[in-house]
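The values are calculated or read from the model by the stated rules, or taken from the named source; none is laboratory data. Owing to the predicted nature of the structure, the values given are computational and were not obtained by experimental measurement. Cβ atoms come from the backbone with ideal geometry, glycine included; neighbour counts cover every protein chain shown.
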Amino acid sequence: MPRLVALLRGVNVGGRNRLPMAELRALAEGLGLREVETFIQSGNLLFSSDLTDPAGTLALAIERRFGLAVPVVVRSAEELERVRSFDPFPQADANALHVGFLAAAPGAGVTDSLEPERFISERFVLAGCEVYFRLPAGMGRAKLPAYLDRRLSGGLTVRNWRTLEALARLAAD
């Protein structure tokens, strides 16, 4: 049974979409997920499952139980390791690096219309279903992630590089 990581968007951020991790773990276990654990309070759920649509199953269960309509993106341990091993900004400070996860890769028409030159110091690289960010002023002051979220039809959930590394390590164990 594969080891998976669910990345929930926008929970426990700025006092909004409060979702206690103990309750999320209990919900996941009630769905039949195994080896369930959470990592930090920002909606990272590690588990094993053979469900065909764990993201959809979790999103629906969270909405029904907690009344929160939050996008859920799922990656396998192998996919997270692939994301972690690709670093398009090798000279950047790790504190400036973030990765955005999408449920599906955007189409060429969408990506062709992006205007990265609008963001002077912020940079991104789109690679399949992931967006790699270099945000020198940090995520809290960055404008680029919100712009890309709007242009890529929403659902972008972002993690900092240290969280990505930790999740990849935990999922591999």
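Being surrounded by 12 or more Cβ atoms within 10 Å (Cβ to Cβ), in contact with a strand residue (DSSP E or B) (Cβ under 7 Å, 6 or more places away or on another chain) and within 24 Å of N12 (Cβ to Cβ) is the requirement here; does L68 meet it? For L68, the condition - surrounded by 12 or more Cβ atoms within 10 Å (Cβ to Cβ), in contact with a strand residue (DSSP E or B) (Cβ under 7 Å, 6 or more places away or on another chain) and within 24 Å of N12 (Cβ to Cβ) - is not met. Once the stretch 96-112 is narrowed to residues that are surrounded by 13 or more Cβ atoms within 10 Å (Cβ to Cβ) and either touching a Phe, Trp or Tyr at 6+ places or on another chain (Cβ under 7 Å) or among the charged types (D, E, K, R) (or both), the residue that is farthest from A55 (Cα to Cα) is L97. Does N44 satisfy being closer than 26 Å to M139 by Cβ and either of a type in the set (G, A, S) or modelled with pLDDT under 95 (or both)? Taking the combined requirement at face value, the residue does not satisfy it. Residues considered: A168, A137. Of these, the only one that is touching a Leu at 6+ places or on another chain (Cβ under 6 Å) and assigned by TED's automatic domain parsing to the domain that holds A104 is A168. Anything in the stretch 105-149 that is within 19 Å of the chain's Cα centre (by Cα) and in a helix (DSSP H, G or I)? List them, or say none. Those that are within 19 Å of the chain's Cα centre (by Cα) and in a helix (DSSP H, G or I): L144, P145, A146, Y147, L148, D149. For the stretch 59-111, a tally of residues being closer than 14 Å to L126 by Cα and among the acidic types (D, E) returns 1.
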